[in-house]
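Step one of this worksheet: look at the structure below.
The values are calculated or read from the model by the stated rules, or taken from the named source; none is laboratory data. Quantities reported herein were computed from a predicted structural model and do not represent experimental measurements. Every residue, glycine among them, receives a Cβ derived from its backbone with ideal geometry; neighbour counts consider all protein chains shown. Heads up: the accessible areas ignore ligands, DNA and RNA and are worked out on the full protein's heavy atoms, side chains in. Shrake-Rupley method; radii C 1.70, N 1.55, O 1.52, S 1.80 Å.
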Amino acid sequence: MSKQDLSVLLVDDDPYSQGVFELVMKHHNLAFTVLDDAETALDYLKANSPDIILMDIFLPGLDGYQALDRIRRMAPVPSCRVIATTAYYTRDTQQEVLKRGFDGYVSKPFDKNLVNYLQTILN
């Protein structure tokens, strides 16, 4: 899959993170969707199949861990990779999110290397 074929869903309630993400995605001409909460994302996933979901851990309502559990139980199970993201991390965050079932982890703020990281997750 080339970078231009990559479709990404960001689930994040922080307007700054959303803005940076949008700039990075537009710079690379990638298909993307931004949603503010996990419930809306779960509804979105009933009809859409992004390649990757970037899921903030700390969301209003359902948090990222709860949303991941529901995504993994959806029928049919989405084939997308789910990557955890947060601005509130410790040195153990990456281990914790992988242990809890995420396919990867990226810290905020997002930077220009985000797209390269997402591409490696798919390969």
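So here's what we get for this one:
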quantity	calculated
In sequence order, calculated HN-Hα J values of the stretch 16-33 (Karplus, 6.51, -1.76, 1.60; Hz; x Gly/Pro)	5, 4, 4, x, 5, 4, 4, 4, 5, 5, 5, 4, 9, 6, 9, 6, 8, 9
Relative contact order (%) - criterion: Cα under 8 Å, at least six apart; region: the stretch 33-123	25
Amide N of the stretch 106-123 lying under 19 Å from the label point, which is placed 7 angstrom from the Cα of residue 27 along Cα→Cβ	106-121
Charge sum, other residues only, whose C-beta stays under 15 Å from residue 101's C-beta, Lys/Arg counted +1 and Asp/Glu -1	+2
Positive-end extreme of charge dipole, the chain - chosen from 41, 62, 101 (charges on Cβ)	101
Average accessible surface area per residue within the chain, 1.4 Å rolling probe, Å²	54
Karplus-derived HN-Hα couplings along the stretch 108-117 (A = 6.51, B = -1.76, C = 1.60, θ = phi - 60°), whole Hz, x at Gly and Pro	9, x, 5, 9, 5, 7, 4, 5, 4, 4
Three-way shape call for the stretch 42-117 based on the alpha-carbon gyration tensor, with the a/c threshold at 1.5	prolate
Whichever aspartates and glutamates have a C-alpha closer than 14 Å to that of residue 112, once near sequence neighbours (fewer than 8 apart) are set aside	22
